[in-house]
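Visitor: Provided herewith is a single structure, encoded as structure tokens, for subsequent inquiry.
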Amino acid sequence: MRVRIDGGTLLEPILNKRYQASVLMDDQTGLILSVGTDLPEADYVIALNGELLLPGLVDLHVHLREPGFEAKETIATGAAAAAAGGFTQVACMPNTNPPLDSPQLLEWVVKASEDVGLTRVRPIACITMGQAGEVLTDFAALQAAGAVALSDDGKGVQHGGRMREAFERAAAVGLPIAIHAEDETISGAGVLHSSAARRLGLTDIPPEAESAMIARDILLAEQTGAHLHVCHVSVESAVSLVRWAKSRGVRISAEVTPHHLLLTEAVIDRDDAVFKVNPPLRTEADRLACIEGFLDGTLDVLATDHAPHTAAEKSQGVAAAPFGMVGLETAFALMYTHFVATGRMTLSDLVHRASTAPTSLFQLNGGVIVPGAPADLTVIDEKTERLVTPDEFASKGRNTPFAGWRLVGWPVLTVCAGKVVYQRQPTVGGNNA
Ligand code: DOR
């Protein structure tokens, strides 16, 4: 079937100029056929009212929890959350149970997500067997099974020699290594940033735990030529290290989360695990350094680190609860409201950091609206203000620190491979042509 979207506002990315155009696509091939005005007839027409029509958003860092932690999230609920958040492609972390350390497990995730069909799920495979930090996985076999990167996310690989070998092998197969930078000999069993930990009488994850490991891995990446991707940067020293590595020509990229751009440890005024995340919320100086790094391109991409947990787990208090916040369904509106609407960032730049740049970093397909590209599209309503309402999330996780925030720039329609995978009524209408 040929589907046409009329009445959308597209963005010319370089000039940040808006223009009206239609997009014609084929839901069988899943590809865009043409973009422009006066397009050919279609079997079905979706009529927009001037809403923004963007390339589908891409998130390089989510936790879909399946297999093993289905009470927190499943591939189906995580994919529905992605679609509701405007994400047509997500890279999922391997800290499942069992962890994604074998080609069979990766193939299972790929198949299960294709059966769900709401978003494209790209698995990230473990660096070490069982994420135990000891025996390296078979990178080439994992790549053949669909791995787009390697990571032991949730944990840093503590042994430098083993990591050196991992970088050598990753360079040979051409896969990025995405690091959860945490030197556990420094962080131990810490749960919060140092000042917040002191306030609540808990143990800390100091900034050095993050930046020491980033420094080590920058040097290893430089020596081996592998692509180092630094997950969820949270501290000033880490931003400076990434900037320094880029100035030396190291093959490095980095991500930042909405929560590290918008919140600090100062919000933690009570024993509430909704604020517990790893890396932790840091100081205002760290937040400002992350913003500066994001705006100047040191931190290449926005990533949510969508980490759903059950209400029971999160109600245990900061010391005992698991780390993590959900993020897929709030990321774009948070960034639109606080960065684009406030004039800190152009819309084109946000779209680049949340779609085009992540697509190219992990060598995925998408991130552009041109004939022949995947028909992955996100429609954004720039006008309607809504509150963040966790009870309405498609995700099983309700653990967001942004509940009750008033935001604009919400996704209202998501198209993946030419099919409507999310639609919020009554903003947009559809009819048969
Ligand atoms: O807050 C976090 N949650 N950070 C991580 O690194 C892991 C994640 C999870 O899996 O829940």
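Visitor: How far apart, in nm, are the 7 Å Cα→Cβ label points at Glu107 and Thr185?
Guide: Rounded to a tenth, the inter-label distance reads 4.0 nm.
Visitor: Hey, any idea what % of the chain's accessible area is carbon plus sulfur with a 1.4 Å probe?
Guide: 52
Visitor: Same structure, new question: For the charge dipole of segment 1-97, defined by +1 on Lys and Arg C-beta atoms and -1 on Asp and Glu C-beta atoms about the Cα centroid, which residue among Phe87, Leu39, Met1 has the Cα displaced farthest towards the positive pole?
Guide: In segment 1-97, that residue is Phe87.
Visitor: Follow-up question, since we're still on this one. With the other protein chains left in place, how much accessible area per residue, in square angstrom, belongs to the chain at a 1.4 angstrom probe?
Guide: 36
Visitor: Treating only the Cβ atoms of Lys and Arg (+1) and Asp and Glu (-1) as charged, compute the dipole magnitude of the chain about its Cα centre; round to the nearest 20 debye.
Guide: 360
Visitor: Right, next: Across the chain, how many lysine pairs separated by 8 or more positions, or lying on different chains, have Cα atoms within less than 22 Å?
Guide: The result is 13.
Visitor: Binning every alpha carbon pair distance of segment 161-261 at 10 Å from zero, what are the percents per bin?
Guide: 16, 44, 29, 10, 1
Visitor: So if I average 1/r over every pair of distinct C-alpha atoms in the chain and take the inverse, what Kirkwood radius in Å does that give? Show your work: numbers first, answer last.
Guide: Details: mean 1/r = 0.0462 Å⁻¹.
Kirkwood hydrodynamic radius for the chain: 21.7 Å.
Visitor: For segment 304-405, with equal point scatterers placed on the C-alpha atoms only and solvent neglected, what are the log10 I(q)/I(0) values from the Debye formula at q = 0.14, 0.16, 0.20, 0.22 1/Å, to two decimals?
Guide: Calculated log10 I(q)/I(0) at the listed q: -0.70, -0.86, -1.12, -1.20.
The values are calculated or read from the model by the stated rules, or taken from the named source; none is laboratory data. Being a predicted model, the structure only gives us computed values, none of them experimental. Glycine also receives a Cβ, built like all others from the backbone with ideal geometry; neighbour counts cover every protein chain displayed. The accessibility values were calculated without ligands, DNA or RNA, using every heavy atom of the protein model including side chains. Shrake-Rupley method; radii C 1.70, N 1.55, O 1.52, S 1.80 Å.
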